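The values are calculated or read from the model by the stated rules, or taken from the named source; none is laboratory data. Remember, it's a predicted structure, so these values are computed and weren't measured experimentally. No Cβ is skipped: glycine too gets one built from the backbone with ideal geometry, and neighbour counts run over all protein chains shown.
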Amino acid sequence: MKPEFIENANTRKFFEMCAELADPASLIGPSLAMVTGPAGRGKTEAARRYATQTEAIYIPPLNTRTPAMVLRELAFELAGVRPVRSEACLGIIGDEMGKERRLVIVDEADLLTMQVLEMLRNVNERYACPILLIGEDELKGRIASRRRLASRIRRRMEFGPVTQQDVAFFFQKSLGVKAPPEVTALINQHGRGDWRPVLTAAIGIERALTATGTSEITLEMTKDVLRRA
């Protein structure tokens, strides 16, 4: 199976939001944004994809437990160094953002402490650093609980559930086969809007196709794969 990135309505809207935040025109007004949605919708993959194709900085969740860790990670991504002192990190962030303004994407922001969220708001305001927070739905409540944070949010986006059309496109791109509508409908229902069960089903179907020596996905084959999933 080919490891294809599947572009859909969610990712297109996400990329548009990122481009807007990175645009110098976003200096006028707030430049914080928030993307939410249940796990498995493709938020992280979209963020990583955008960061690899642009100058955006992607901060993974393991590096965001404390304000100091976030500052060191930002300094490293911008200048290749991780100073011990937070003041030194802030100086680097300010200098580098002054040379080239870059979007910062922070993943699993719903798990951040309020101290880290407030620090990110401060970095955003102090250095005109555009920041996109990604997380599950709990992030909405955490942001809403602090007016200083909520008032700085320029854009909000909800990652919608995976659609039957997304499933069909995924099978075409990743397996190189056209799945019948009844098959994609069943897999989409099984996935409940989540990409992960769709991927698991695709792996099982690919194995079934190889075992039977056929390139035709049938409804019975799909039902058997899903029963075993």
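Picking from residues in segment 187-210 that are touching a residue at least 40 places away in the same chain (Cβ under 8 Å) and among the aliphatic types (A, V, I, L, M), the one that is surrounded by the fewest Cβ atoms within 10 Å (Cβ to Cβ) is Ile203.
Determine, yes or no, whether Arg121 is more than 18 Å from the chain's Cα centre (by Cα) and within 21 Å of Ala144 (Cα to Cα). Walk me through how you get there before you give the answer.
Values: more than 18 Å from the chain's Cα centre (by Cα): yes; within 21 Å of Ala144 (Cα to Cα): yes.
So Arg121 fits the description; yes.
Listed conditions (1) surrounded by fewer than 17 Cβ atoms within 10 Å (Cβ to Cβ); (2) touching a strand residue (DSSP E or B) at 6+ places or on another chain (Cβ under 6 Å) are all met by Glu138, apart from (2).
Quick one: what pairs do we get from segment 47-58, first residue closer than 17 Å to Thr36 by Cα, second charged (D, E, K, R) and crowded, with 19+ Cβ neighbours inside 10 Å, C-beta under 8 Å, 6+ apart or different chains? Matching pairs, first to second residue: Ala47/Asp107; Tyr58/Asp107.
For segment 172-190, the tally of residues that are outside any loop (DSSP other than H, G, I, E, B) and at pLDDT 95 or above stands at 10.
Given the options Leu149, Leu112, Leu132, name the one that is surrounded by 18 or more Cβ atoms within 10 Å (Cβ to Cβ), under 25 Å from Ala56 (Cα atoms), within 22 Å of the chain's Cα centre (by Cα) and modelled with pLDDT of 95 or more. Full working, then the answer.
On the way: Leu149 fails: modelled with pLDDT of 95 or more; Leu112 fails: modelled with pLDDT of 95 or more.
Only one candidate qualifies: Leu132.
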